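Take a look at the structure set out below.
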Amino acid sequence: MPPISPIMQEGNDILKRLTTRVRQLVIRHKEIQEEVAILKQELKEKDDETKALQQQIAQLRADYEHLRSAKAISSSNKDVEVAKARISKLIKDVNKTIALLSAEE
């Protein structure tokens, strides 16, 4: 075998370093692709969780509005009952007054 010239030796060394660097880049590229896939999956899970929480918030708001409406209606019913009781008392007082007036005649 003929002796290798210093220039060829230097070229071989450069080629070996370049090959090593390319392999390292390929390995790093694969690692980054795996990281990206994991991050995409985590992002999808967070998006799903966010959508679920937004739906829960919407449901809770609707429930709150229903409760407010029900409370307003029940308060109105109590007010109506109180008004009916007052009217009944007034009617009884009027009837007593009429009875007293009728007795005096």
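Mind checking the angle between helix 6-104 and the chain's longest principal axis? C-alpha axes, 0 to 90 degrees, to the nearest 10.
Tilt relative to the chain: about 0 degrees.
Give, rounded to the nearest 20 debye, the magnitude of the charge dipole that the chain has about its Cα centre when Lys and Arg contribute +1 at Cβ and Asp and Glu contribute -1 at Cβ.
Values: 19 positive and 17 negative charges, 19 e Å.
Around 100 debye, computed over the chain.
Classify the chain: rounded, prolate or oblate, from the alpha-carbon gyration tensor (a ≥ b ≥ c, eigenvalue square roots; a/c under 1.5 rounded; otherwise prolate if a/b is larger than b/c)?
Prolate shape, in that a/c is at least 1.5 and a/b is the bigger ratio.
How large, in percent, is the carbon and sulfur part of the accessible surface of the range 43-105 at a probe radius of 1.4 Å?
59
Considering only Ile32, Thr97, Gln59, whose Cα is most displaced toward the positive end of the charge dipole of the range 26-99, charges sitting on Cβ of Lys, Arg (+1) and Asp, Glu (-1)?
Value: Thr97.
Would you count, across the chain, every pair of lysines whose alpha carbons are under 22 angstrom apart, provided the pair is eight or more residues apart or spans two chains?
Lysine pairs satisfying the spacing and distance rule in the chain number 9.
The values are calculated or read from the model by the stated rules, or taken from the named source; none is laboratory data. No experiment lies behind these values; they were computed from the predicted model shown. Every residue, glycine as well, gets a Cβ built from its backbone with ideal geometry; the counts of neighbours run over all protein chains shown. All accessible areas refer to the heavy atoms of the entire protein, side chains included, with ligands and DNA or RNA removed. Shrake-Rupley method; radii C 1.70, N 1.55, O 1.52, S 1.80 Å.
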